[in-house]
Amino acid sequence: MIDEKGQVAIDFLLGISLVLFAISFTIQFIPGLFMSESAGESSLDYTAYRTATILVEDAGWWENNTNNGTDWESNPNSILRIGLAADDDSSSKLTNSPNLISKDKIEQFMLVNEIDLVKMLGMYKRVGDTNFSYGYNIYITQNSSNLILNNTSIARGKTLPDNLEVARITRVVLVEKETIAAISGDELTSESSSVATISVTGPFEENITVQISDLNLSGIDPALLNVKLDGNLLTQASDFTVYKKDGWTNSPLAGNLSSGDSIYLNFDHDLFTASTDHRLDLEFNNVTFSNSGPPFISYNNLSKALYEPAYLTVEVW
Amino acid sequence: MDNKAQLHTLEGLGAAVMITFSVLTITQGITMMSPQNELSITVQMEQISQDALATLDIAQHASAQYNLTECIASWDMMEAKYPDNNLNNLDNSLAYLLPGVLYNVDIAYFKDENLNVKKVIVNGAPGKNAVVARHFVTLTNQTVQDMGGGWNLDDNELRVVEVRMTAWKV
């Protein structure tokens, strides 16, 4: 019987060892063969997280021999740090408004040269004495498309690679886009009954919004009848839109006003030509104004930033 | 001996190639979840949840009809029971900022030296990768009155309320 002799045939032993040798050779010889797509460089995650946090929560910093401040966008030659958060006090290094993104800072951010940007946001890895830059994309989206400010699409970076691991982090932010003047019914000035008049001085880069709250409604069916600019009737939808707020979204103003409503009028910025005083007349039905003019209340004196929700995404590879 | 031996060598090589390829096919075909990878997804979830509460808190009226404080002020003191939510203005605002994310919201506050934790938005049982984001708001009687809420505060009373959001992806 064959069983009475050695249990392992030498041929079988040889075959098995060959299999093992071949497998281990393959694994050793082709590095990265069994590394799956997602298990790679974890430092990318940190870089993406850090970059997004700096951009969203820091106001940046500039410094020269005599001065310093967070308003680096006005001093592009001495930038130390880039951050996009809006700041009302540029002398302190902290901001009270993380997640609020300043328009001026975004516009300057688009102009910073590539080498400085990579350096200041720390998007590189130091190996020996050499810095290797990461590939990156930084963009702001609103309603699933890129944010456009002053005719520029807000996105920096390169095309996403097909076969590399990409670390991505998205932050919810409020981005300054247009301007708004909030006016209460008591402050609105009027020359003739039921017509509120606002003076507006152009030009504007972006559309402007007038917010009117606490109107003094009287009689039945109070409503906004028409809007005139320098005596010319404006067309709804093409020249301006009227809406109310419903959560984050704008819902068109339909029908009459009810008490406690805030209404918003958004005007096309092309209507207002450079350095000219314009007269904006809002004609209402059954709304009374106690404040008579001229002089009329000025949009430009009251205007401040209007922030809209958007998503800032940083991709690093 | 030489007349027979070659076959085992070829079999061995063939088997090695087959095993290598089958293992390769499996590893390429599925997404491996490494611990780092899972961590980065959790971090993203946590970050975006905190952002949602923070942006809602600082939003001006022209951006959002009601900010976080006003949403909480409008609560009528009734707990939510699935599937009905009790704070629709907050629910709508969060749903807008966090598409594709499910969340429950609890609020916690001290009253008469007792800690009260109440459910205000219930969207189901959290998944196993759920994260919690917290944000504090301070209510005054003025805000509560303006929003028609049921908080019943004195005019000089401040009530600090913790908003706890448990968020997860489906």
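The values are calculated or read from the model by the stated rules, or taken from the named source; none is laboratory data. Keep in mind the model is a prediction, meaning the values are calculated, not measured. Neighbour counts run over all protein chains shown; Cβ positions are idealised from the backbone, glycine included. Heads up: the accessible areas ignore ligands, DNA and RNA and are worked out on the full protein's heavy atoms, side chains in. Shrake-Rupley method; radii C 1.70, N 1.55, O 1.52, S 1.80 Å.
Structure values in brief
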quantity: Span-like helix ranges in chain B, DSSP H, alpha carbon extent 27 angstrom or more, Kyte mean at least -1.0; calculated: B:6-29, B:35-58
quantity: In the A-B interface, the accessible area buried, summed over both sides, Å² (probe 1.4 Å); calculated: 3500
quantity: Rel. contact order, % - alpha carbon contacts under 8 angstrom, at least six apart, chain B; calculated: 24
quantity: Nearest 10 degrees, 0 to 90: helix A:43-57 Cα axis against chain A principal axis; calculated: 10
quantity: Debye, to nearest 20: dipole size of chain A, +1 on Lys, Arg Cβ, -1 on Asp, Glu Cβ; calculated: 620
quantity: Region B:41-170 - convex hull of alpha carbons, volume per residue in Å³; calculated: 105
quantity: Shielding of A:241-249 by partner chains, average beta-carbon count, 10 Å; calculated: 5
quantity: Those aspartates and glutamates that a straight Cα-Cα span of less than 13 Å connects to B:Lys128, excepting residues fewer than 8 apart in one chain; calculated: B:Glu38
quantity: For region A:43-159: rounded, prolate or oblate by the Cα gyration tensor [a/c cutoff 1.5]; calculated: oblate
quantity: Table column - 3J(HN,Hα) (Hz), region A:109-120, Karplus curve with 6.51, -1.76, 1.60, x for Gly and Pro; calculated: 4, 5, 9, 4, 6, 3, 5, 4, 4, 4, 5, 6
quantity: Per-residue mean of C-beta atoms belonging to partner chains within 10 Å, peptide A:46-55; calculated: 1
quantity: Residues whose placed amide H lies under 5 Å from that of A:Leu149, excluding near-sequence neighbours; calculated: A:Ile154
quantity: HN-Hα J in Hz across region A:238-252 - Karplus 6.51, -1.76, 1.60, θ = phi - 60°, x for Gly and Pro; calculated: 8, 8, 7, 10, 10, 8, 10, 8, 10, x, 8, 9, 9, 10, x
quantity: Farthest toward positive dipole pole in region A:135-188 [+1 Lys/Arg, -1 Asp/Glu at C-beta], among A:Tyr136, A:Thr170, A:Leu188; calculated: A:Tyr136
quantity: Dipole of the protein assembly as shown, positive direction: furthest Cα of A:Asn113, A:Thr273, B:Leu97, with charges on the beta-carbon; calculated: A:Asn113
quantity: Binned Cα-Cα distance frequencies in region A:145-217 - 10 Å width, integer %; calculated: 12, 30, 22, 17, 11, 7, 2
quantity: Rounded tilt (10° steps) of A:10-29 against the dominant C-alpha axis of chain A; calculated: 30
quantity: Check: region B:66-170 dipole with +1 on Lys, Arg Cβ and -1 on Asp, Glu Cβ, in debye; calculated: 660
quantity: Shielding by other protein chains, B:48-60, mean Cβ within 10 Å; calculated: 6
quantity: Selection from A:Tyr46, A:Leu302, A:Ala223 lying farthest towards where the dipole of the protein assembly as shown points positive, charges on Cβ; calculated: A:Tyr46
quantity: Sequence-distant residues sharing a close amide H with A:Gly247 (under 5 Å, placed H); calculated: B:Gln65, B:Tyr66
quantity: Size descriptor, Kirkwood hydrodynamic radius, that averages inverse alpha-carbon separations across region A:170-274, Å; calculated: 15.1
quantity: Under 13 Å, Cβ to Cβ, from A:Tyr264 - net charge with Lys/Arg +1 and Asp/Glu -1; calculated: -2
quantity: Unit charges on C-beta of K, R, D, E only; dipole of region A:124-171, Debye; calculated: 140
quantity: Semi-axis lengths, Å, the protein assembly as shown, gyration tensor of Cα atoms, sqrt of 5 times eigenvalues; calculated: 60, 30, 21
quantity: Rounded, prolate or oblate (a/c below 1.5 giving rounded, otherwise prolate when a/b exceeds b/c) for region A:103-247 by Cα gyration tensor; calculated: prolate
quantity: Most mobile listed residue (B:Val101, B:Val17, B:Val117) in chain B, GNM with C-alpha springs under 10 Å; calculated: B:Val17
quantity: Scaled radius of gyration (Cα, divided by 2.2 N^0.38 Å) that region A:273-313 gives; calculated: 1.78
